[in-house]
1. Considering the options A:Gly63, A:Gln32, A:Gln15, tell which one lies farthest towards the positive end of the dipole of segment A:12-83, charges being +1 on Lys and Arg and -1 on Asp and Glu at the Cβ, about the Cα centre.
2. Among rounded, prolate and oblate, which fits chain A when a ≥ b ≥ c are the square roots of the eigenvalues of its C-alpha gyration tensor, a/c under 1.5 means rounded, and a/b larger than b/c means prolate?
3. How about A:Lys339: which lysines have a C-alpha closer than 20 Å to its C-alpha, ignoring those fewer than 8 places off in the same chain?
4. Taking segment A:12-83 as the region of interest, what is the percent of Cα-Cα pairs per 10 angstrom bin, listed from the shortest bin to the one with the maximum distance?
5. I need the phi-derived Karplus couplings for segment A:133-141: 6.51 cos²θ - 1.76 cosθ + 1.60, θ = phi - 60°, integer Hz, Gly and Pro marked x.
6. Taking R0 as 25 Å, what's the FRET efficiency between A:Asn72 and A:Leu49 from their Cβ-Cβ distance, rounded to 0.05?
7. Please give, to one decimal in nm, the separation of the simple spin-label points placed at A:Ile87 and B:Val156, each 7 Å out from Cα toward the Cβ.
8. Return the distance in nm (one decimal) between the two label points of a simple spin-label model at A:Leu17 and A:Ile110, each offset 7 Å from Cα along Cα→Cβ.
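Just so it is clear, none of the values below were taken in a lab; they were calculated from the coordinates. Keep in mind that this is a model prediction, so the values were computed, not measured. A quick note on method: Cβ atoms are made from the backbone with ideal geometry, for glycine too, and the neighbour counts reach across all protein chains shown.
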Amino acid sequence: MTGEFLDQIFVSTKQWLLSLSFLRGAPDWLIQIASSLLNISAVLGVFLLLFALISVLERKILGRIQNRYGPNRVGPYGLLQPAADGIKLLIKEDIVPLRADKVVHFLAPIVIAAAAILALGVIPYGRNMTPFVIDGGILFFFAVGSTNELAVFMAGWGSNNKFSMLGAMRAIAQMVSYELPLIIAVLPVVMVVGSLSPDVIVAAQGKYTFGFLPHWFVFTPWGAAAFILFFVSSLVESNRTPFDVPEGESEIVAGHMTEYSGFKYATFFLAEYFGMFAISGMAVTLFLGGWHAPIRWLEVVPSYIWFFGKLSVLLFVFIWIRGTLPRMRVDQVMGFAWKFMLPMAFTCIIAAAVWHYQAHGLAGWLWSFAVVAIAYFGLSRLVEKKKFAARTYRFAE
Amino acid sequence: MNTPSFIFISVLTLAAALAAASIKKLIHAAFCLVAAFLGMAAFFFLLGAEFLGLVQIFVYVGAVAVLIVFTILLTHREEETATTGFKWSGALIAAAIFMGLLWTILQTPNLSTDAPLIEPLTVKKIGEVLMTDYVWPLQCIGLLLTAALIGGLILVKEDRDES
C-alpha cells in the first residue's frame, strides 16, 4: 500500500492540483493546458537540477580519475559550484562578432536547446509518468534529434569564423553518419515489441523468469549488441569523448561554440547535457527495462527511483569514458561508423528475427548469439587494417 | 474546431514560405524554408496524421534541409547572384498553377465542409498496409534506394582514385 502510494505520489499530486477549487468548472482546454504546463515544469525542474548536479559531479569524478581534487571551494564539497558558475555566466558580457550573421548567431542556441528539451518529453520516467504520451514516441524522439544538425550548422555559419565552421562540418558529418546505426539499433526492439510507443516498449520488458531474471532486452544477444551500438552512437550524438572531434579544444578551439560567450555558451552547454540525458533515458527505456525493477520483490521501491538510478549509471559511464579515453581521429570516427557500426546494426535485426521466431526461448537465445558472434568476428577481420612494419629508430651518429 | 490554431499555423507557414522565396541571402532563405517545413508538419499534427508529421520533420528538416544547406555552402559565392525585381514569367507560371488547382478543386463534386470522421492513422496500421497491399512497391523502392546508395559510394570512390 505505502509502496504504491509512494510510486504514484507525483501522479496523484498532479491530479490533486488539477482538481483544486479554482480550476473546477473550467473548460476542458484550460485543464489540458494546465496539465501540460505542470508536466513541462516538472521535466524542466528535474532536469535543470540534474544538470546542475552533474556539472559538479562530472568535475569531481574527472578529478578523482586524474588524481586531483575537483571543485571544492564553493559550499560543502564544492556542491554549490553550479550556482557560482550560473551567476558568472549570466553576468558575463555577451560578445557577438562584428561580421557574424546576427540573427542566425542568436537563434542557434535557442534551437539547439529547444530540440534537446523536446526530446525529454516522450520518455517514461515512471509508472504513468510519461509527460507527453504519443503513439509514435520513438519516432518523435529521433525526428526532434535530427534537427540538431541544422542547429549546429546555424551556430557554425552564424559565427563567421573558420574554427566554428570546421567544427560544425565535423559535427554534422559524424552526426549524420552515426544517426544511421543509432536508429537501426532501435529497430530490433521496435520489431520485437511491435510498437513505436515508449510506454508499450517498457511494458514489454516488465516480466520476470523465475521472479528474478528480468526480461530486459539488454539480456538477449541482439539486445546487448544493439545496446552497445546505441550507446556508442549516443556518445557521438552528444559530442562526448572519444568522439568530441567537433569541439576538440587542442585543434579547433571549441568548434561551433567558439564565438559564443556568457549565457549563450551556457545554453549550448545545457543543450549538450540535456541531449545526453535524453539519449541515456532512451537507452534505459529501450534496453534496460525502463522504470522496472531488476528483481520482482524490489518493485516496492518507486519506479521513478529505478529509472533515475539506471540513468545515473549510464551518465557515470559517459563521464568515466571521458576521463579514460583519448580523442579519435576524424577519419577513424567516420570509417568506424560506416564499416563496422552500420553492418553490426543490420546484424542485430537478423539476430532479433532469429530470436523472435524461436519463440524467445533458449534455442533462440543461442542461435541469436551465434549470428551476432559470427558477424562480429567476420567484420573485425574485414575491417582490420594491414599490419604496420615495425618502427625503426634512427639515432644521430 | 481548430480554427484559431489553423489560422495561426497557416499564417506562420505562408510567411515563412514567402520569406524563403523572397529573401536574397540564400542561407536565410534556406532557414525560412525549414520553418515552412515545420509548419507543414504542424498541419499534419493538426489533422491527426501524427506519423506523417513526424516523417515530415525527419525527412525534410533532418535530411533535405541539411542537403540544401550543404549545397549552398559548397556552391555559394559571396557576390550577389540573386536577380532582383519582379519576374513576369514566374508570376505567370504561378498564376497558371494556381488556376489549375482552383479549377480542379471546384470540379470536385462533394466539397462539404464537415468531412467524415476518419479514425486516426496509427503507425501499426501503416505498417500492416505496407506489408500486405503495398509490399511490392515497398520492395522496389528499397531496391532503388540501395542502388542509389551503392551508386553514390562508387562515385565517391572514383573521385578519390583520381586525386
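1. Ranked along the dipole, the leading option is A:Gly63.
2. Judged from the Cα gyration tensor, chain A comes out oblate (a/c at least 1.5, b/c at or above a/b).
3. A:Lys385, A:Lys386, A:Lys387, B:Lys157
4. Using 10 Å bins, I get a P(r) of 18, 30, 16, 17, 14, 4, 0 for segment A:12-83.
5. After applying 6.51 cos²θ - 1.76 cosθ + 1.60, I find 7, 9, 4, x, x, 4, 5, 4, 4 Hz.
6. 0.75
7. 5.0
8. 2.6
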